[in-house]
1. Can you list the lysines whose alpha carbon sits under 29 Å from that of Lys361, skipping same-chain ones fewer than 8 residues off?
2. With r defined as the distance between the Cβ atoms of Thr543 and Lys306 and R0 fixed at 41 Å, what FRET efficiency is calculated, to the nearest 0.05?
3. Take every Cα-Cα distance within the stretch 39-104, group them into 10 Å bins from 0 onward, and report for each bin the whole-number percent of pairs it holds.
4. Hey, could you grab the Kirkwood Rh for the stretch 486-585? Inverse mean 1/r over distinct alpha carbon pairs, Å, one decimal.
5. Any idea how far the Cα center of the stretch 601-659 sits from the one of the stretch 568-588, in Å?
6. Can you tell me the FRET efficiency between Ile431 and Val314 if r is taken as the Cβ-Cβ distance and R0 is 41 Å, rounded to the nearest 0.05?
7. Using a Förster distance of 30 angstrom, determine the FRET efficiency expected from the C-beta separation of Ala59 and Ser203, and round it to 0.05.
8. Find which of Thr442, Thr546, Val115 sits farthest along the positive direction of the dipole of the chain, computed with +1 on the beta-carbon of Lys and Arg, -1 on that of Asp and Glu, about the Cα centre.
Amino acid sequence: MFKPLYLIDSIVLFLLIVLWAIIANRLSRLPYRDTKKELKRGITRLMPLFFIAQGLVIAEIVILYLLGTYGWEFIKEKVLLTMPVFIPSACSTLVSLSILRKITGPVPKDLQSAVDETDRKVLASPQLMLPAQAALLSSIAACYFSYFIYPFELNVLHGVLLWMAFVAIIVVLWFRQKRLSLKRIKADYAMTLSARLLHALISFVCLAILIGGWYVLSMKASVLPDRMNMGSMHHDMDMQAMNHSMNHPMNNQEISVTALTGPQTEKADRHFELVAQKKQVQLSSGKTMEAWTFNGMTPGPELRVKQGEIVEVVLKNKDIEDGVTIHWHGYNVPNAEDGVAGVTQDSVPPGGTHVYRFQAKQAGTYWYHSHQQSAKQVIRGLFGSLIVEPNDTPEPNTKDITVLSHAWPLSNGSTLTPAYGLKDTLDRQTIPSGTLVKLRLTNAQNYPQTFQLSGAPFKVTAIDGNEVHAPTTIKDQKLLIAGGGRYDILFTMPKTPVRLSSRSDAGVTPGIVFSEAETKAIPAINEKNPVFDPGNYGEKLPTPFTINSKFDRTFKIVLDSRLGFYDGKLYALYTINGRVFPDTPMLTVKEGDLVKTMFVNRGWDHHPMHLHGHTMLVLSRNGKPTTGSPWWTDTLDVAPGETYEVAFQADNPGIWMDHCHNLWHAEMGMTMHLSYEGITTPFQVGKKTANQPE
């Protein structure tokens, strides 16, 4: 419901601008009518526009009320910025209509008689003209401040200042209209066609200069710097965090991210070598594409290790011109091993090598991918699975299957083909009945996906690598997995076929049919199945902190969609607290802090928020506390109209990315960082460097 409301609201605001512009223009032409017949015709044509405009104002009020049901955060700016629309609109309807009705009055006997001087004075008066002009200006302001990036973080003070500016403009318009009305009276209301054209031309030129100046200045202001250091970015903290910093002074001892490494002297238990290179690959349908691969494979080799082992991965770049890195998605490695270009390392150029070392402390399903130009490199194939098996012996007679779901760019990236690995056609696998089947579902797309298992009940045993406590058996439910997220599910293979499939904005994946023997049967998909809710699944378990804990830092992250400029071009932007990188907030913490973050999505798209180096505990969704098994996650899908509260322990020092894992959104500036006090980085990002992490 939120997305349709968002769309309708933008349409209503745009229509209000158009209607009030037409009304103001037609009002300005009334004093020049020669006869009462022409005047009556002009007023008659004008009346319906007033009523339509007022109807749209009422619609806007209803929309604001409905948006308000999602919470104050969803209407805060709109209430403060669009309220000026309602007052002048109502005044325009009441005042202007009453004046026009008095002028028309009873039907005159001689419609061809000239309009008398008294009526002309009224028609040119500020009392008639100003309400429509004010409604037009306030509608423009409401639309601009609602759907373009405003240059400040709005609060009540800013709202008051905006209203004061609006009142000042109205006063200026009043005196201007008064002066114009006097001129028109003295000129006996004569206006030739050439004079009208001249006025229109002057208005057009002034408007063009105003818009052009705004465009050029905004474009230049949005150009990204050639070089930036993430350790020196501005810090944006709420009042509670500021008070905490005042009571707990910063540690003056600085530590570089390069010192925050994994084990360097111990012998590696598992050694891998990954070579990034370009290669033509073929999907199961026969379609071919130039992919970017690890070891000539895409997805890259599955790295499967045991919990507790020391892992060493040597990355080599053969021919990826812009460089590569490896980020261990969801895995809480030391900061120097995080693989983010320009933050924890420089990107690895062609012919270069970089070594990652970390201890596999967390068991579960994870994945790895390049974090250099990740919007381009991941979609082209620079990713693979990281599976960490627990120390204890796995259940006997269990089939462990990793499913990497991706959308491949074909036809020069103009279309996306969804697939599991390179299988974009229906895959068939035979599994004996009675076998326990573990599916490790990884969404390597930018979009959220709904996965369905048709033909068998199943359990959700892990979310983002974190075990679910006491999972129960479910069936006929869709699993919504965020872009970058993972679910582990477990089912017992029946004698009848079972189908795994998924759907996203990229399309429907044909999926996999599991069967006891070869068959042509394909279980049906029911898109009407409800979506699984992880917030009330499983049984409660004690956690290190709860929604009622005392938090050292609290942050509010408002996700939004606006038109604006980024690096010199006009885009439909995805913003964090009204800003795009590098102006997004830097969340500052101290080691040991207990941190709570609220995510509010007021925009038109899903945002899978991914925090590097930490695991978040979901405390509440849309104001309702979670009631099931502790919901630990590293990639949380925040849908339009949703609000989440999450918390984590600041126990992994470094400078960490915290961004939307729809990598196209991150590429356009939906990125911020979590920084620990006293941590610095020698690396830089920017167009004049080799590092573009998004």
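1. Lys267, Lys306, Lys316, Lys399, Lys438, Lys459, Lys540, Lys550, Lys590, Lys596
2. Calculated transfer efficiency: 0.95.
3. Distribution as computed: 19, 40, 23, 13, 4 percent.
4. One over the average 1/r among Cα pairs gives 19.6 Å for the stretch 486-585.
5. 19 Å
6. 0.70
7. Efficiency, rounded to the nearest 0.05: 0.55.
8. Val115
The values are calculated or read from the model by the stated rules, or taken from the named source; none is laboratory data. A quick note: this is a predicted structure, and the numbers were derived from the prediction, not measured. Here Cβ is always computed from backbone atoms with ideal geometry, including for glycine, and neighbour counts include all displayed protein chains. Accessible surface is based on the protein model in full, side chains and every heavy atom, while ligands, DNA and RNA are left aside. Shrake-Rupley method; radii C 1.70, N 1.55, O 1.52, S 1.80 Å.
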